[in-house]
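> Handing you a structure now.
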Amino acid sequence: MKDQTIDTLPRTEPIQSATFSNSVNAEIRRAAHTGIYDIRGGGAKRRVPHFDDLLFLGASISRYPLEGYRETCETRVTLGTRYAKTPIELDIPVTIAGMSFGALSGPAKEALGRGASAAGTSTTTGDGGMTEEERGHSSKLVYQYLPSRYGMNPRDLRRADAIEIVVGQGAKPGGGGMLLGQKISDRVAGMRNLPTGIDQRSACRHPDWTGPDDLEIKILEIREITGWKVPIYVKIGGTRPYYDTTLAIKAGADVVVLDGMQGGTAATQDVFIEHVGLPTLACIRPAVQALQDQGLHREVQLVVSGGIRTGADVAKAIALGADAVAIGTAALVALGDNDPKWEAEYQKMGTTTGAYDDWHEGRDPAGITTQDPELMARFDPIEGGRRLKNYLKVLTLEAQTIARACGHNHLHNLEPEDLCALTMEAAAMARVPLAGTDWWPGKAGF
Ligand SMILES: Cc1cc2nc3c(=O)[nH]c(=O)nc-3n(C[C@H](O)[C@H](O)[C@H](O)COP(=O)(O)O)c2cc1C
């Protein structure tokens, strides 16, 4: 006979399901209640293999380090050496990624220009066009040519220092942008030739080309408009980096910008951010392989983005073969996004510092991802620019520290041999040895 007492014995601890976790259940309830999918900003929040899974080996007897205070470590990089008459010369290999005016406020755009220019690097426009704030304060401004063509005009094409044709973004490869009605002020609407206060969903593909051959024609067209002066970048989301990089090169790109799945966005469906695209770490080596197979590594430059936060991330991306990196989210944090000083306001919106990502709602207490005049007035673009400049300086100093410790007098001399991986996944993706071995999964000859 069954012992009845067994059923009444208390369990030591209630067990939560790993599959149906509290946050999964909360999302099911939210979906059941509202009938609409979750939209948010930012990049993938789940953990995927990343630069943290790599370590630098540093120098010792077999490699000789450089002296930090006596020996220099160069940081300069030139983008657009393939065809452009005036390539972009940057003092540091960290650029500011394209972020749309509409998603960001005018003062935030000004601060990005101020900070980047003071640090000797470039900024990039975004969906919605070129603002005077950003053009006026950016010594080097890259103008995005997007599928939406919001804010695109030949006059601004000619005012840019480089053109970036956006094919895709890491946060939402295959998808278009979103800017909800709350942020469509008269000014934003005017620049996009659309009505005020109406949700805008940007196109996910360019209306005037359907494949790489057309892209080649489009690039030529833009070169003609800009008199062959400025570099033409092609930005792709991380999906099939080997083939996409090969095709971008074939179409005539001067620079390939490659954005992995941790890359931020102003707004899209959460399911898109978390479930589409490749981790940044997995994108770099196939893209570098494509450049090498075409004999154009370093002649067509590679800019990598998606989750770059520290000088170590910068150095690791470069060691894997990138020429420069671009930052979006980290630049916004440097300006003051998700600052603990706004915690009381984040709590009122049902969130907390570090987790605030409803940028599409336009209620950002820091005044950065909003078009609300009162909130915008809280943000000081001069102070924001100063903070960004400082942050860019620290990224550069950190990357230099690592490069010197590996024995290199230029950041570009960092190489995969300087790295090892902490996990099998990272070893396979970055194609560097698992720590303590000379092997990685897929290495030929083993
Ligand atoms: C607020 C915001 C707005 C963005 N707007 C655009 C855009 O208009 N065009 C574009 O190509 N990418 C856009 N992006 C993506 C960035 O250019 C970049 O790919 C990404 O932020 C890099 O990843 P990170 O945020 O981890 O640095 C945006 C990103 C953010 C955070």
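The values are calculated or read from the model by the stated rules, or taken from the named source; none is laboratory data. Here the structure is a predicted model, which means the values were calculated and not measured. Positions of Cβ are generated from backbone atoms using ideal geometry, with glycine treated the same way; all protein chains shown enter the neighbour counts. Only protein heavy atoms, including side chains, enter the accessible area calculation; ligands, DNA and RNA are left aside. Shrake-Rupley method; radii C 1.70, N 1.55, O 1.52, S 1.80 Å.
> With both bridge residues required to lie in the chain, what share of the DSSP beta bridges run antiparallel, to the nearest 5%?
Among the beta bridges of the chain, antiparallel pairing accounts for roughly 25 percent.
> Where does each of 30-36, 348-354 land if you order them by average Cβ count within 10 Å, highest first?
Numbers: 30-36: 9.4, 348-354: 12.4.
Going by the mean number of other Cβ atoms within 10 Å, highest first, we get 348-354, 30-36.
> Pairs LYS140/LYS235; LYS140/LYS172; LYS140/LYS341; LYS85/LYS172; LYS45/LYS229; LYS183/LYS250: which exceed 29 Å Cα-Cα?
LYS140/LYS341; LYS85/LYS172; LYS45/LYS229; LYS183/LYS250
> Right, another one. To the nearest 20 Debye, how big is the dipole of the chain about its Cα centre, given +1 on the beta carbon of each Lys and Arg and -1 on that of each Asp and Glu?
Using only the charged Cβ atoms, the result is roughly 400 debye.
> Multiply the residue gap between GLU383 and ARG70 by 0.36 nm, knock off their C-alpha separation, and tell me the result in nm, one decimal place.
Difference between extended and current length: 109.4 nm.
> Roughly how many Å² of THR75 are accessible to a 1.4 Å probe, to the nearest 10?
Here the residue's solvent-accessible area equals roughly 20 Å².
> In addition: Quick one: Karplus J couplings for segment 101-117, per residue in order, coefficients 6.51, -1.76, 1.60, θ = phi - 60°, nearest Hz, x for Gly and Pro?
For segment 101-117, the Karplus-derived couplings read 7, x, 5, 9, 7, x, x, 5, 4, 4, 4, 4, x, 4, x, 5, 5 Hz, x marking Gly and Pro.
> Next up: Tally Lys and Arg at +1 and Asp and Glu at -1 over the other residues with C-beta under 9 Å from the C-beta of HIS206: what net charge comes out?
Values: positive: ARG149, ARG205, LYS218; negative: ASP208, ASP214.
My count for the surroundings of HIS206 gives +1.
> Distances longer than 38 Å among the Cα atoms of the chain: what percent of all pairs is that?
Value for the chain: 24 percent of Cα pairs lie more than 38 Å apart.
> So in segment 157-310, what percent of DSSP beta bridges are antiparallel if you round to the nearest 5?
Working: 2 of 17 bridges.
The answer is about 10 percent antiparallel.
> Next question, about the same structure. Among the aspartates and glutamates, which fall within straight-line cross-link reach of LYS443, defined as a Cα-Cα distance under 19 Å, with same-chain neighbours fewer than 8 residues apart omitted?
Straight-distance partners of LYS443: ASP53, ASP293, GLU415, GLU417, ASP418, GLU425.
> How many Å² of accessible area per residue for the chain, probe 1.4 Å?
I get 45 Å² per residue for this part.
> Next question, about the same structure. May I ask you to give the percent of accessible area on segment 145-211 that is carbon plus sulfur, with a probe radius of 1.4 Å?
Carbon and sulfur: 49 percent of the exposed surface of segment 145-211.
> List the residues, sorted by chain then number, that are 5 or more residues from ILE165 or on another chain and whose placed amide H is less than 5 Å from its amide H.
Correct list: TYR145, TYR233, VAL234, LYS235.
> How far is the Cα center of segment 385-445 from the Cα center of segment 159-238, in Å?
Measuring centre to centre over Cα atoms gives 32 Å.
> Put THR121, THR81 in order of accessible area, largest first, 1.4 Å probe: what do you get?
Largest accessible area first, the list is THR81, THR121.
> Given the whole protein assembly as supplied and a 1.4 Å probe, what does the accessible area of PHE56 come to in Å², nearest 10?
50
> On the accessible surface of segment 387-446, probed at 1.4 Å, how many percent belong to carbon and sulfur atoms?
Within segment 387-446, the accessible surface is 57 percent carbon and sulfur.
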